[in-house]
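Student: Shown below is the structure under consideration.
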Amino acid sequence: MNELSTIQTIAAAALPLLLAITLHEAAHGWVAHRLGDNTAYMMGRVTINPLKHIDPIGTIVVPIAIYILSGFNFAFGWAKPVPVNFSRLRNIRRDTALVAFAGPASNLLMLLAWAVVAKVILMTSGPEYFVNSFVGAMAKFGILINSILAALNLLPLLPLDGGRILNSWLPYKLSQAFEKIEPYGLFIIMGLMFTGILSPLLFAMMNIINRIVFTLIGLN
C-alpha cells in the first residue's frame, strides 16, 4: 500500500483536530450550563460547530508562526475561550474545578475513542494497513492531538484548565496570589517552550496518559 500524500495527511489530521478543539470548548460550556451558568449556552457555544470556537489568531496564526519558528518541531495554539460566569455556579470553588476539568476530560475520552479505532484497525487489517491508510492516519493524529491537548491543559498554570483546577483547591490567600500570574500565563508558557523546558514535560505527561489509555484497551 502506498504512503499517504502530504495533502492526504493534512486532511487526515483535520477532523481529529477540529473535534479535539470543538468538543473541548463545548464541554466547558455544557458542564457550566449543568452547574448553573447558562452564559455559553445562551451564546450558542455549547455546540460541535467548529466555527463557533475557532479563534483566527490563536487557532490559525499563532500555531503556524510557532511551528515555523520552532523549526517545524512544535505547535501551540488555542480556541476561542468559552465564556463562563463563575459567580452563577452553585458551588463556585468546586464547580469551577469541574468546568475546567471538562475540557481535558473531553480530550481524554476522544483519545480513548481514537485508540479503540486504532486497535480495531490493527486487529482486522494489520499493522501495514494501519500505518499507510487514511483512517489509520486519522486514528494516529487523534491519539496525538488529544494527548497533547490533555497534557497541556492539565499543566497547573493559569489560564490553563489545570491552573483553574489547582486554584480552586488553594486556600483563599494563596488563591488570590496565584491569580495574579494569569495575565502572564501565555508568556510563561511560550518562555518554557522556547527554553526547551515545555516539550520534555509534555512528553512525560503524554507518555503517562497514553500508557494508561493503551493499557485500558489492551493496545501495545
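Student: So which residues in the range 202-220 are over 30 Å from G126 (Cβ atoms) and surrounded by 14 or more Cβ atoms within 10 Å (Cβ to Cβ), if there are any at all?
Tutor: Result: L202, M205.
Student: Taking the conditions exactly as written (crowded, with 19+ Cβ neighbours inside 10 Å, of a type in the set (F, W, Y) and farther than 15 Å from F214 by Cα), does F130 satisfy them or not?
Tutor: So F130 passes the test.
Student: Follow-up question, since we're still on this one. Which of the helices (runs of 4 or more DSSP H) found entirely inside the range 75-156 contain at least 1 residues meeting this: of a type in the set (G, A, S)?
Tutor: Hits in the range 75-156: 92-125, 134-153.
Student: Considering only residues that are surrounded by fewer than 17 Cβ atoms within 10 Å (Cβ to Cβ) and farther than 15 Å from I145 by Cα, which ones fall in the range 190-201?
Tutor: Within the range 190-201, M190, G191, L192, F194, T195, G196, I197, P200, L201 qualify.
Student: Condition first: modelled with pLDDT under 90, in a helix (DSSP H, G or I) and under 18 Å from the mean Cα position of the chain (by Cα). Can you find one or more residues in the range 22-33 that meet it?
Tutor: yes
Student: Something else about it: Quick one: N49 ticks every box in (1) exposed (fewer than 14 other Cβ atoms within 10 Å of the Cβ); (2) more than 19 Å from L160 (Cα to Cα); (3) at pLDDT 90 or above except a single one, so which number is it?
Tutor: Every listed condition holds for N49 apart from (3).
Student: (1) more than 30 Å from I7 (Cα to Cα); (2) among the polar types (S, T, N, Q); (3) in contact (Cβ under 8 Å) with a residue 24 or more places away in the chain: which one isn't true of S106, the others all being true?
Tutor: So the condition that S106 fails would be (1).
Student: What pairs come out if I take residues in the range 181-197 that are in a loop (DSSP other than H, G, I, E, B) and pair them with residues that are surrounded by 15 or more Cβ atoms within 10 Å (Cβ to Cβ) and not β-branched (V, I, T) whose C-beta lies under 8 Å away, six or more apart or interchain?
Tutor: Here the result reads I181/L157; I181/L158, each pair linking the range 181-197 to a residue that is surrounded by 15 or more Cβ atoms within 10 Å (Cβ to Cβ) and not β-branched (V, I, T).
Student: Looking at T124 and the list (1) surrounded by 14 or more Cβ atoms within 10 Å (Cβ to Cβ); (2) farther than 23 Å from P56 by Cα, which single condition is not satisfied?
Tutor: (1)
Student: When you go through (1) under 20 Å from N153 (Cβ atoms); (2) touching a helix residue (DSSP H, G or I) at 6+ places or on another chain (Cβ under 6 Å) one by one for D55, which number turns out not to apply?
Tutor: Checking D55 against (1) under 20 Å from N153 (Cβ atoms); (2) touching a helix residue (DSSP H, G or I) at 6+ places or on another chain (Cβ under 6 Å), the one that fails is (2).
The values are calculated or read from the model by the stated rules, or taken from the named source; none is laboratory data. The model shown is predicted, which means the values in this text are computed figures rather than measured ones. With ideal geometry, Cβ positions are generated from the backbone for all residues, glycine too; neighbour counts draw on all protein chains shown.
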